[in-house]
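**Q** Below: one structure in structure tokens.
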Amino acid sequence: MADRINPSRAKRRKPRYAPLRRAVKLPVWGDLGIRLGAAFSLIFLVIMIHWWDREGLIDHHDGHVSFLDVVYFTMISITTTGFGDIAPVSDDARLVEALIVTPVRFAVLFIFVGTAYNFIIKRSWEKFRMTRIQEQLSDHVVVLGFGVSGSEAVSELIERGTDPAEIVVMDPDAERLEQAEAKGCNVIEADATRDENLLSVRVGEARAILVSAGRDDSSILIILTLRRLAPNVPISVVVRAADNEILARQAGADNVINPVRFTGHLLAGSAQGEHIAEYLSDLASVTGRVHLVERKVLPEEIGKPLSELASGGRGLRIYRNGSACGFWEHEAACMQAGDVVVEILPNGESENEFTA
């Protein structure tokens, strides 16, 4: 069927698609070998050109230009040493030096300078810089897995005001990490199920850890490892099977998010009214007109009801001693020290939603 597609239509549609791109996974010594091979190939090319045009050269030592003399002259020409014992005398030889040897000289110089920069200066500096960053990691957010859920979580964190430099993304996929690095995050290509990899990003000093490994079994294994390495750090995880939600909590996750269940809630809400699903999505994103905030009760709010928050937001729940109390319940009539409040706050010009 593809053979019957109108060529003119296919040509018109082509600009809509970005070209395919694949990262070249080349080891260090492979890259170095390619660079050196290119340099020596250019040098060999110049040797052959000089040998072919050796009649245009003159040797002031013995008057005879041998192949060894050609190799010698090529090397001192490319390196711009120039002792003057062998020199081009014919117009053709000088034209070759001007139009061929000089560009090759610059190319070889750039190859060697670029190699020195890439393998010595750049890599050493990058290693030193990343070591300093790892040593000073504290109060950061660790994101384990940069798939669909992980990338959306990072984007939302940045939208909520988190500095990308405070986010560390770990994923075994180099192409995904390029996307995270483009956002300004610190990245590390590693397996999150290994202790040494988690310790390298100082999970024990993190503010929060978000787990989205793509597989429920991998995510639960990561949680078990994290809870041992970072017993006091809040852990949130994405699971896709309802049966695994209990396992994730037993493994030590503080928050378990099931995207399938949440999607079902949105679908069910849309059946009850056309605006319910929209409002739920609005609440979930900081870019909407309103957003949910979880915080500790303020000193000036102690003793007041949940309906009189100092922030001016609409109080929804109080979490007290591990239990949730709704705004309609008796416990919400008097906030106490240590309570955690969940409220709805307006974004920017949407404050009139609460004051109307």
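The values are calculated or read from the model by the stated rules, or taken from the named source; none is laboratory data. It should be emphasised that the depicted structure is a prediction, and the values quoted were computed from it without experimental measurement. Neighbour counts run over all protein chains shown; Cβ positions are idealised from the backbone, glycine included. Surface accessibility is based on the protein's heavy atoms, side chains included, excluding ligands, DNA and RNA. Shrake-Rupley method; radii C 1.70, N 1.55, O 1.52, S 1.80 Å.
**Q** Looking only at the stretch 281-300, count every residue that is modelled with pLDDT of 70 or more, closer than 15 Å to residue 344 by Cβ, part of a helix (DSSP H, G or I) and open to solvent by 40 Å² or more (accessible area, probe 1.4 Å) and tell me the total. Write out each step before concluding.
**A** Step one: filter the stretch 281-300 for residues modelled with pLDDT of 70 or more, giving 281-283, 288-300.
From the residues that got through so far, the ones that are closer than 15 Å to residue 344 by Cβ too are 281-283, 288-295.
In the following step, the residues that additionally are part of a helix (DSSP H, G or I) were identified as 281-283.
Pick out the ones that are also open to solvent by 40 Å² or more (accessible area, probe 1.4 Å) and you get 281.
Final tally of qualifying residues: 1.
**Q** Same structure again: Residue 278: at pLDDT below 90 and of a type in the set (D, E, K, R), yes or no?
**A** Yes, satisfied.
**Q** Residues in the stretch 194-223 that are surrounded by fewer than 17 Cβ atoms within 10 Å (Cβ to Cβ) and of a type outside the set (Gly, Ala, Ser): how many?
**A** Residues meeting the conditions: 9.
**Q** With the structure loaded, tell me whether residue 31 is of a type in the set (Asp, Glu), part of a helix (DSSP H, G or I) and at pLDDT below 80 or whether it fails that test.
**A** Yes.
The rows are residues; the columns are (1) modelled with pLDDT under 75; (2) touching a strand residue (DSSP E or B) at 6+ places or on another chain (Cβ under 6 Å); (3) crowded, with 18+ Cβ neighbours inside 10 Å.
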site	(1), (2), (3)
71	no, no, no
76	no, no, no
79	yes, no, no
89	yes, yes, no
98	no, no, no
103	no, no, no
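**Q** Related question: Which condition number in (1) at pLDDT below 80; (2) in contact with a Lys or Arg (Cβ under 8 Å, 6 or more places away or on another chain); (3) part of a helix (DSSP H, G or I) is the one that residue 9 fails?
**A** (2)
**Q** So which residues in the stretch 163-178 are farther than 15 Å from residue 207 by Cα, in contact with a strand residue (DSSP E or B) (Cβ under 9 Å, 6 or more places away or on another chain) and open to solvent by 60 Å² or more (accessible area, probe 1.4 Å), if there are any at all?
**A** Hits for the stretch 163-178 are 176, 178.
**Q** Still on this model: Quick test for you: out of 323, 307, pick the one residue that is among the polar types (S, T, N, Q) and at pLDDT 90 or above.
**A** Selected residue: 307, the only one of 323, 307 that is among the polar types (S, T, N, Q) and at pLDDT 90 or above.
**Q** Looking only at the stretch 58-69, which residues are assigned to a helix (DSSP H, G or I) and open to solvent by less than 80 Å² (accessible area, probe 1.4 Å)? Break it down into steps so the answer makes sense when it comes.
**A** We begin by selecting, within the stretch 58-69, every residue assigned to a helix (DSSP H, G or I); these are 67-69.
If the condition is that a residue be assigned to a helix (DSSP H, G or I) and open to solvent by less than 80 Å² (accessible area, probe 1.4 Å), then 69 is the only one that fits.
**Q** How many of the residues in the stretch 140-162 are at pLDDT 90 or above and open to solvent by 60 Å² or more (accessible area, probe 1.4 Å)?
**A** 0
**Q** Now for a different question. Looking for something modelled with pLDDT of 75 or more, touching a Lys or Arg at 6+ places or on another chain (Cβ under 6 Å) and open to solvent by less than 40 Å² (accessible area, probe 1.4 Å) - is there at least one such residue anywhere in the stretch 36-55?
**A** No, every residue in the stretch 36-55 fails to be modelled with pLDDT of 75 or more, touching a Lys or Arg at 6+ places or on another chain (Cβ under 6 Å) and open to solvent by less than 40 Å² (accessible area, probe 1.4 Å).
**Q** Now for a different question. In the stretch 224-245, which residues are within 22 Å of residue 155 (Cβ to Cβ), open to solvent by less than 50 Å² (accessible area, probe 1.4 Å) and not β-branched (Val, Ile, Thr)?
**A** 236
**Q** With respect to residue 243, determine if the residue is among the acidic types (Asp, Glu) and modelled with pLDDT under 90.
**A** Taking the combined requirement at face value, the residue satisfies it.
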